[in-house]
Amino acid sequence: MDEKASPGRLPERDRPWVMRTYAGHSSAAATNALFRRNLAKGQTGLSVAFDLPTQTGYDPDHELAAGEVGRVGVPVAHLGDMRALFDGIPLADMNTSMTINAPAMWLLALYGTVGAEQGAELSRCSGTTQNDIIKEYLSRGTHIFPPAASLRLTADVVAYTLREMPRWNPVNICSYHLQEAGATPVQEVGFTLSTAVAVLDAVRDSGQVPADRMGDVVQRISFFVNAGVRFVEEIAKMRAFGALWDEITRERYGVRDPKQRRFRYGVQVNSLGLTEAQPENNIQRIVLEMLGVTLSRDARARAVQLPAWNEALGLPRPWDQQWSLRMQQVLAYESDLLEYPDLFEGSHVMTALVDEIVAGARVELEKVLEMGGVVAAVESGYLKSALVASLAERRRRMESGADVVVGVNRFTETEPSPLTAAGAESVEQVDPAVEAAATASVRRWRAGRDDAAVDAALARLRADAATTTNLMPATLECVRVGVTTGEWAGALRQVFGEYRAPTGLTGAAGAGGDATLVAVRERVTATARELGSGRLRLLVGKPGLDGHSNGAEQIAVRARDAGFEVIYQGIRLTAGQIVAAAVEEDVDLVGLSVLSGSHLAAVPAVLDGLRAAGRADLPVVVGGIIPAGDAEQLRAAGVARVFTPKDFALTGIIDELVTVVREANGLR
């Protein structure tokens, strides 16, 4: 019997999903070379990582960009950079995903201009701009403008692409970062669909899209999700997403075509679930997480990108990305997964689990809508507080051992890993000269422009922003005359203002049942008494453009539970602002959190600032993804302690902070 024709098989094998690796670093030219290598290895789409200055609307020579240029992605400051990024890559034939949010309109305008220069028909170009600003206020922190203005930019992009780029996904609504910020599956589905409703309402209410074309809008809305290691639950979550999306788009927006209502999503599996301890375990984590979004045919991802095993250590090398690509290829081409219908159809267990998630997510969605929608839920702090509380509970379970993380809180005995035997060579190193080169490049670019044309384009952008005019035409004009990323964002900052999101710390508590916290609280009280102060004061600072604040927030919550008075002003602070707060608040300790890899620039700037302010005596501790060699440099520069992801016990960290305060003040 021909096994290919056996009962239960599909008449023909499914096509594999789009396979990507999230890539970008150093410079446009270096990233272009990386793209070409990955495509030659069988990658079938591009996923562009931009550096933090680009994501937050700053040029490489801005003060806040110091130490961040080219580190977590590629710097793109102007049209010349975008040309270099896609040099020799035919955009009309390539599915391109760009992880960009606040300046998504700007990067899409750059992309479209380069495509047109290549001779591509924009109507043929396919890909995605992430363009989900809501989750930036809650987790990633690369927002620029207030929520209402940001949603206006999103609606303008949707309306533009509907007319000019019908194969483009103008928004990629993200649950990925919500899970990393602490969301349960129920919260992940409910909060994400709340964002989708806000986007669709904004497009509908803008008056730019006829009512009879809302189905076309819905059809181009895609999602970007996270897949954790509990892969059975992840399969149910994805099926729940599909069921609720179908219901919402049919009932709220009147979309009748089932194909237009299909839940379309891409996925990256859980990077923050990867561990620095025993990093070889990350391989099996990644494979299990990939199964959660591929096993169920009816809820299978349309595109998959996998992190590398060493992302908890630093920037992956090309070989590490290749390893992750090969995992996808083995599953898609060697296994028989794509030969069968949905494996879970009719499963009582799966149906019950899906129904449970759907019911809970519907409650969360209705709660947000009753508050006035997702913007109101962001501005009130409700969503952020819910995520901080959920993450605190997740941390509590891990610290107590209720949730096992192999190699971290159980089975910690290990042989030395040959994967990390080479030390810092086990991750990609970004040349410090990259920032100087990018700074020189953007200044040469500005010097070669027609200044009058630039001024006129920026004036038009500001004028249009003050009305309800779609901003894409003015943005395209800015691209053509050579405006830079920082200038475009700066013009809109003048009209819309900048936004600082709620921190979510109010009311969050995460150490219930932690017996060791009682002893730490007693040490905090005793130390304050010996110093003659009412309470010990801790300043938690996020220098530079790194917006991943989950760790800082959890330290702040636990320190507050232990009796510290915590000063936390949120993300994206200059060294000068952190120093000023430390002096003004008369704190006992400064804790800096840096996850972008810019610690060797950001931390010494704060230390120098404290010395200049006459507070060289004030102890400073640092947490982040920091290689051992860099940690030694920081300690030599005057840092009292360095904490990395392997230091997972928060109460133990707080206890060590008390020790640092006592040492700095000569207490026994």
Right, A120: open to solvent by 10 Å² or more (accessible area, probe 1.4 Å) and assigned to a helix (DSSP H, G or I) or not? no
Taking the condition among the acidic types (D, E) and either at pLDDT 90 or above or open to solvent by 40 Å² or more (accessible area, probe 1.4 Å) (or both), does E530 pass? yes
Inside region 332-351, can you point out the residues that are acidic (D, E), open to solvent by 80 Å² or more (accessible area, probe 1.4 Å) and under 13 Å from D298 (Cα atoms)? E345
Could you identify the single residue in A236, A243 that is in contact with a Phe, Trp or Tyr (Cβ under 9 Å, 6 or more places away or on another chain), more than 18 Å from N131 (Cα to Cα) and open to solvent by less than 30 Å² (accessible area, probe 1.4 Å)? A236
For region 637-663: of the residues being outside any loop (DSSP other than H, G, I, E, B), without any contact (Cβ under 8 Å) to a residue 60 or more places away in the chain and hydrophobic (A, V, I, L, M, F, W, C), which is surrounded by the fewest Cβ atoms within 10 Å (Cβ to Cβ)? A637
Need the failing condition index for V378 against (1) closer than 18 Å to R239 by Cβ; (2) touching a residue at least 12 places away in the same chain (Cβ under 8 Å), just the number. (1)
Condition check for V267: outside any helix (DSSP H, G or I) and closer than 30 Å to I626 by Cβ: yes
If I ask for residues that are under 18 Å from V267 (Cβ atoms) and at pLDDT 90 or above, which ones from region 308-322 would you list? A308, W309
Can you confirm whether K367 is in a helix (DSSP H, G or I), at pLDDT 95 or above, under 30 Å from V186 (Cα atoms) and among the basic types (K, R)? yes
Which residues, counting only those in region 55-67, are buried (at least 24 other Cβ atoms within 10 Å of the Cβ), part of a helix (DSSP H, G or I) and over 14 Å from the mean Cα position of the chain (by Cα)? A65
Hits in region 154-179 - residues which are assigned to a helix (DSSP H, G or I), open to solvent by 10 Å² or more (accessible area, probe 1.4 Å) and not polar (S, T, N, Q): Y160, L162, R163, E164, Y176, H177
Residue identified as surrounded by fewer than 20 Cβ atoms within 10 Å (Cβ to Cβ) and within 30 Å of V217 (Cβ to Cβ) among R317, R302: R302
Residue within region 382-389 that is closer than 18 Å to K237 by Cβ and surrounded by 15 or more Cβ atoms within 10 Å (Cβ to Cβ) present: yes
Filter result (part of a helix (DSSP H, G or I) and closer than 16 Å to A104 by Cβ) within region 20-54: L52, P53, T54
Looking only at residues that are free of Cβ contacts under 8 Å to residues at least 60 places away in the same chain and touching a Phe, Trp or Tyr at 6+ places or on another chain (Cβ under 8 Å) in region 87-106, which one is surrounded by the fewest Cβ atoms within 10 Å (Cβ to Cβ)? I89
Just checking, does region 185-201 include any residue being assigned to a loop (DSSP other than H, G, I, E, B) and either in contact (Cβ under 8 Å) with a residue 60 or more places away in the chain or open to solvent by 30 Å² or more (accessible area, probe 1.4 Å) (or both)? no
Search result, residues across region 277-311 that are of a type in the set (G, A, S) and farther than 18 Å from E233 by Cβ: A277, A303, A308
Set R397, R462: member being more than 30 Å from E180 (Cα to Cα) and not hydrophobic (A, V, I, L, M, F, W, C): R462
Which listed residue, of R444, R449, R362, R460, is out of contact with any Pro (no Cβ under 8 Å at 6 or more places or on another chain), modelled with pLDDT of 95 or more and open to solvent by less than 70 Å² (accessible area, probe 1.4 Å): R449
I'm trying to understand the selection: among the residues of region 206-237, which are assigned to a helix (DSSP H, G or I) and either within 22 Å of D257 (Cα to Cα) or of a type in the set (K, R) (or both)? A211, D212, R213, M214, G215, D216, V217, V218, Q219, K237
Qualifying position, being part of a helix (DSSP H, G or I), crowded, with 19+ Cβ neighbours inside 10 Å and of a type outside the set (A, V, I, L, M), among R285, R250, R261: R285
Residue in region 357-365 that is in contact with a helix residue (DSSP H, G or I) (Cβ under 8 Å, 6 or more places away or on another chain) and among the basic types (K, R) present: yes
V404 being modelled with pLDDT of 95 or more and β-branched (V, I, T): no
Residues that are open to solvent by 10 Å² or more (accessible area, probe 1.4 Å) and in contact (Cβ under 8 Å) with a residue 40 or more places away in the chain: which helices (runs of 4 or more DSSP H) entirely in region 541-636 hold 3 or more of them? 550-561, 599-612
Quick one: is G127 farther than 18 Å from A30 by Cβ, touching a helix residue (DSSP H, G or I) at 6+ places or on another chain (Cβ under 9 Å), open to solvent by less than 10 Å² (accessible area, probe 1.4 Å) and in a loop (DSSP other than H, G, I, E, B)? no
Top-ranked residue of region 477-510 - restricted to ones that are open to solvent by less than 10 Å² (accessible area, probe 1.4 Å), among the hydrophobic types (A, V, I, L, M, F, W, C) and in a loop (DSSP other than H, G, I, E, B), ranked as modelled with the lowest pLDDT: A508
Answer residue from region 68-86, given it is β-branched (V, I, T) and open to solvent by less than 20 Å² (accessible area, probe 1.4 Å) and is modelled with the lowest pLDDT among those: V69
What number goes with the only condition from (1) open to solvent by 40 Å² or more (accessible area, probe 1.4 Å); (2) assigned to a helix (DSSP H, G or I); (3) of a type outside the set (S, T, Y); (4) touching a residue at least 24 places away in the same chain (Cβ under 8 Å) that D431 does not pass? (2)
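The values are calculated or read from the model by the stated rules, or taken from the named source; none is laboratory data. What you see is a predicted model; the values in this text were computed from it and never measured. Using ideal geometry, Cβ is built from the backbone for each residue, glycine included, and neighbour counts are taken over all protein chains shown. SASA here: full protein model, heavy atoms, side chains in, ligands and nucleic acids out. Shrake-Rupley method; radii C 1.70, N 1.55, O 1.52, S 1.80 Å.
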